[in-house]
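Here the structure comes first, spelled out in structure tokens, and everything after it is commentary.
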Amino acid sequence: MRRPSGDGESTREGPGNWGVWGAQESRRLCCVGPHRCGQALLQIGMNMMALSGGHHLDSIPLQGQRLHFIQVDSVQRWMEDLKLMTECECMCVLQAKPISLEEDTQGDLILAGGPGPGDPLQLLLKRGWVISTELRRIGQKLAQDRWARVHSMSVRLTCHARSMVSEYSTISRTSSQEMGQAEKLLMEKCSELSAVTQRCLQVENEHVLKSMKACVSETLSMLGQHFGQLLELALTREVQALVRKIDTSDNIYIMESTTGNLFSLTQEGAPLCRIIAKEGGVVALFKVCRQDSFRCMYPQALRTLASICCVEEGVHQLEKVDGILCLADILTDDSHSEATRAEAAAVVAQVTSPHLSFTQHLPSFLENMEEIVTALIKLCQEASSGEVFLLASAALANITFFDKMACEVLLQLNAIRVLLEACNDKQRVDTPYTRDQIVTILANMSVLEQCASDIIQENGVQFIMGMLSEKPRSGTPAEVAACERVQQKAAVTLARLCRDPHVAQEAVRLSCMSRLIELCRSPSERNSSDAVLVACLAALRRLAGVCPEGLQDSDFQQLVQPRLVDSFLLCSNMEESFV
């Protein structure tokens, strides 16, 4: 969750859900590489030279004899040498890759090369992704009763697990008793899985296979648990090393590199964010943000903090170290760069997200809310780019959900004027994501009676009318969803503001009723969104109560007069085809 938004973002959770890690890494497929074939050919050549070296031309044997030596002696010698040269990757291919062509053999997962030397984190993430994916695929084949594939994939899984344990032990060089026990349990379960799947290949009785299938499923489940435990122990160990380095180092280059590594880990999912929070990552990063000598590190440290705080453990650690006070100091200090204040706004947006229930009780935030809101409005006003404005407005949007008092503060700070002026600046407001934040703020402020006069004064009704016509440019799912949110919230804002007769009259003058009717009757205009339909029906009914003469009889009878649920069902069925 790199960039927080007003509508939050779902996170992947769950014990042992390590498959999300390494999803951005290279996923190339490979087999025994040509360089290994070259090594084999070179070995044959050297053996041939050894056989013939030192002899005079007269001593060269006849062609048949020479062929006999090449085919028997040197090849036999080479095969004996290979016993000392086997590699796990080669064994993975030789033992597990099926000879028969199947439709899914192209999906076999084999790491193309390995992580760089001395890079245990990349090793763990790559191997973790491969093994978790293999576990999932084995489960799929088991459900299909494809026992030959289950066994071959179990052998390959064992090779991957053995490679991870061996390579990580080589890189880390030290191992705890707990790690050793976890490695032992994992390898035992891998061997047990390979053995039981091999026995299943020899069984033809369906009733016996059914009982053995339950055994395989249980073994696979236990293997997944042991793998998750081992991976968590190893990653915890590496995170501890990174946090320790941040906490103790005074070298700016080491700090920058280490913080970058920590941020990369936060992008691998919620489980790693929990580990970082539990191991003191939040404490160490706020320590950096309180030292003037590390000012150039503030944006990177704050960006990492925003990612960590997508989990409950991160927010709790932030509260313990008075992180809200630190963020308020950064936001209100004009000597900090715009980039630094923007990243601080991103942290505020994350910890006030309405989709995270555990952020709703932050007493320190309420104490500093007025200062933070004032600083964020100023940042919106002075933003030099769309990204800075997005982060500041997202924080404000979330704060209006967090506490009603924030809306009153925004009203006093002329926030409506600041936001509507920004909408005319394409450099600051250029995407539906940013307009989503602005209309969210207006929707939450519209519950205040004083808000209506400011909206009319700043031509806000015209802006809301424009939001009802929001269309995606690229057609990507994320942008389409953002446009739906903009339309829905614009309709909600209009419905709330139309309690004031002056706002309702202005809306009718701007033909808002016609646009609302179009959104209700035409599913394509609202991207078939039920949420937009409900909001538009509510706004239309509120306007009709003030200015009923603006409606045709058919619109009144179908969209206003019936119960809301009946009108909803009528408009929903309009997208059905009876051809």
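Run down the lysines and flag those whose C-alpha is under 28 Å from the C-alpha of Lys189, throwing out any fewer than 8 positions away in its chain.
Lys83, Lys97, Lys126, Lys141, Lys210, Lys213
Per residue, what accessible area does segment 252-296 have, given a 1.4 Å probe and all protein chains present, in Å²?
Details: 1780 Å² over 45 residues.
For segment 252-296, the solvent-accessible area averages 40 Å² per residue.
For segment 441-579, with all protein chains present and a 1.4 Å probe, just round the carbon and sulfur fraction of the accessible area to a whole percent.
51
Using a 1.4 angstrom probe, figure out how much accessible area segment 428-507 has per residue, in square angstrom, rounded to the nearest whole. Show your work: numbers first, answer last.
Working: 3090 Å² over 80 residues.
Here the residues of segment 428-507 average 39 Å² of exposed surface.
How large, in percent, is the carbon and sulfur part of the accessible surface of segment 256-306 at a probe radius of 1.4 Å?
Carbon and sulfur atoms account for 46 percent of the accessible area of segment 256-306.
Evaluate the charge dipole of segment 285-420 about its Cα centre and quote only its size in Debye, nearest 20, assuming +1 on the Cβ of each Lys and Arg and -1 on the Cβ of each Asp and Glu.
It comes to approximately 200 debye.
Once you keep just the Cα pairs under 8 angstrom separated by 6 or more residues, what percentage relative contact order results for segment 296-345?
Worked out over segment 296-345, it gives 50 percent.
Heavy atoms only, probe 1.4 Å: what % of the accessible area of segment 310-423 goes to carbon and sulfur, would you let me know?
The computed percentage sits at 48.
To the nearest 20 debye, what is the magnitude of the charge dipole of segment 342-479 about its Cα centre, counting +1 on the Cβ of each Lys and Arg and -1 on the Cβ of each Asp and Glu?
My answer is approximately 340 debye.
Please identify every one of the GluC sites (Glu not before Pro) in segment 317-370 that sits in a loop by DSSP and has no more than 16 other beta carbons within 10 Å of its own beta carbon.
none
Select from segment 471-579 those chymotrypsin sites (Phe, Trp or Tyr not before Pro) which occupy a DSSP coil region and have at most 16 other Cβ atoms within 10 Å, ordered by residue number. The partial results should precede the final answer.
Details: sites: Phe556, Phe568, Phe578; in loops: Phe578.
Sites meeting the loop and neighbour criteria: Phe578.
Mind scanning Lys287/Lys320; Lys278/Lys320; Lys404/Lys471; Lys320/Lys378 and naming the pairs with a C-alpha gap bigger than 21 Å? Working shown, then result.
Working: Lys287/Lys320 13 Å; Lys278/Lys320 12 Å; Lys404/Lys471 31 Å; Lys320/Lys378 28 Å.
The answer is Lys404/Lys471; Lys320/Lys378.
Among the trypsin sites (Lys or Arg not before Pro) in segment 467-553, which ones are in a DSSP loop with at most 10 other Cβ atoms within 10 Å of the Cβ? Mind listing them?
Listed in order of number, the matching sites are Arg473.
The values are calculated or read from the model by the stated rules, or taken from the named source; none is laboratory data. Since this is a predicted model, take the numbers as computed values, not measurements. In this analysis, Cβ positions are derived from the backbone assuming ideal geometry, glycine residues included, and neighbour counts consider all displayed protein chains. Calculation scope for accessible area: heavy atoms of the full protein, side chains included, ligands and nucleic acids excluded. Shrake-Rupley method; radii C 1.70, N 1.55, O 1.52, S 1.80 Å.
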